[in-house]
Amino acid sequence: MNVFDTARKNWAEEPISAAAERFGLKDMPDLDYTPAVARETAPLYERVKDHIPAIEWPVFAPYIHAINRLKKERGAVILAHNYQTPEIFHCVSDIVGDSLQLAREAGSVDAEIIVQCGVHFMAETSKLLNPHKTVLIPDSRAGCSLSESITGADVRRLKAANPGVPVVTYVNTSADVKAETDICCTSSNALAIVESLKEDTVFCIPDEYLAMNIAKQTSKKILTWKGHCEVHERFTAEELLAYKEADPSIQIIGHPECHPDVIDVCDYSGSTAGMINYVKDNRPPKVLLVTECSMASNIEAEAPGVEFVKPCNLCPHMKRITLPKILDTLVFMREEVTVDPAIADRARLAVERMVNLGK
Ligand code: 13P
Ligand code: SF4
């Protein structure tokens, strides 16, 4: 048991002010909903009031207040994915976005400490782009079914069986897999990345459905893998068509990790940032967001007049990140994300090639 585990064990009995002192931080408030906390967090509540009942705010507010103070004291920046819950997305994050935006921002942040509110591959990508900075994730068990579908050894076998075929790897993978990759992609740039390669046959792994959706838009032959997103694979074309039948004015917007049959019935498909921009730019009166539940909640306030219908599947990995765990991360500087130096340089190159292609 190391010092952090000991501290963690004591956490339940120890007021936050005492823990903060032990870890060399200035005095931090206890987690009480004092009049000062209520006053200082009132503008933040305005942003989430449609999603958090007033009776629950006294539970959230002390954490938000403490996180925002501690973040400044530590000189940390919080990066949050679009699937984080509204109180994280709107009340403690400094930078929000899709995987590509977060990777880009991670490469240019000033702070020495990055707290990644998202899943592990996102934190690993931040570490790859910031090898000398401290990257922390509030729960290192926050995985991803796509990332877990393939290993570096799998990619080596694919390459040995298909010499000369370039490998485009979705960022939703481990550093081990990225290290075997020619170039990474995200859902917002996958087509452009595939088209940028001179070869006529390209591996697009590990998301089978993303690859099938890309294959429909390019003349190149796309080889893929049997990885799936456990959140997006649950949507079916039939269920979406039933919504459309009930109200033909509804616009269906889906993430390209969905099966091509689902994307076929969508009016628009794109990355999480692409979906947000589509809604903001087009303001359809009624929208069905075919993606993770928190997305609609996070953008509702910015798209007044748009009615969101939420067929809604939760990503259990994204939902591992909570306010108490973020506070824990900042107090105890855990859990630190590291990448094996033996693979870091090759993995970084694959991410940098992707980031640079868009510049
Ligand atoms: P985006 O790059 O569209 O944000 O997707 C990340 C992800 O994990 C979607 O499930
Ligand atoms: Fe992975 Fe799917 Fe969760 Fe995104 S939504 S992190 S792809 S499991």
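Quick notes
- Residues within the range 313-332 that are more than 14 Å from ligand 1 (Cβ to nearest atom), surrounded by fewer than 17 Cβ atoms within 10 Å (Cβ to Cβ) and of a type in the set (A, V, I, L, M, F, W, C), tallied: 0
- Members of the range 231-262 that are assigned to a loop (DSSP other than H, G, I, E, B), within 16 Å of ligand 2 (Cβ to nearest atom) and either at pLDDT below 95 or not aliphatic (A, V, I, L, M) (or both): Phe235, His255, Pro256, Glu257, Cys258, His259
- For Pro131: the one exception among (1) touching a residue at least 60 places away in the same chain (Cβ under 8 Å); (2) of a type outside the set (A, V, I, L, M); (3) within 15 Å of ligand 2 (Cβ to nearest atom): (3)
- Cβ-Cβ under 6 Å pairs, at least 6 apart or on other chains, the range 294-311 side under 16 Å from Leu240 (Cβ atoms), far side among the aromatic types (Phe, Trp, Tyr): Ala296/Phe308
- Test for Pro256: is it open to solvent by 70 Å² or more (accessible area, probe 1.4 Å) and in contact with a strand residue (DSSP E or B) (Cβ under 9 Å, 6 or more places away or on another chain): no
- Subset of the range 27-43 [in contact with a helix residue (DSSP H, G or I) (Cβ under 7 Å, 6 or more places away or on another chain) and either under 16 Å from Leu327 (Cβ atoms) or open to solvent by 50 Å² or more (accessible area, probe 1.4 Å) (or both)]: Asp27, Met28, Pro29, Asp30, Leu31, Asp32, Tyr33, Val37, Glu40, Thr41
- Number of the exception - Val96 against (1) within 26 Å of Tyr278 (Cβ to Cβ); (2) in contact with a Phe, Trp or Tyr (Cβ under 7 Å, 6 or more places away or on another chain); (3) open to solvent by less than 10 Å² (accessible area, probe 1.4 Å); (4) aliphatic (A, V, I, L, M): (3)
- Only one of Lys159, Lys198 that is modelled with pLDDT of 95 or more, part of a loop (DSSP other than H, G, I, E, B) and open to solvent by 10 Å² or more (accessible area, probe 1.4 Å): Lys198
The values are calculated or read from the model by the stated rules, or taken from the named source; none is laboratory data. Predicted model, so just to flag it, every value in this text is computed and none were measured. Glycine gets a Cβ as well: all are built from the backbone with ideal geometry, and neighbour counts include every protein chain shown. Side chains included, ligands, DNA and RNA excluded: accessible areas come from the protein's heavy atoms. Shrake-Rupley method; radii C 1.70, N 1.55, O 1.52, S 1.80 Å.
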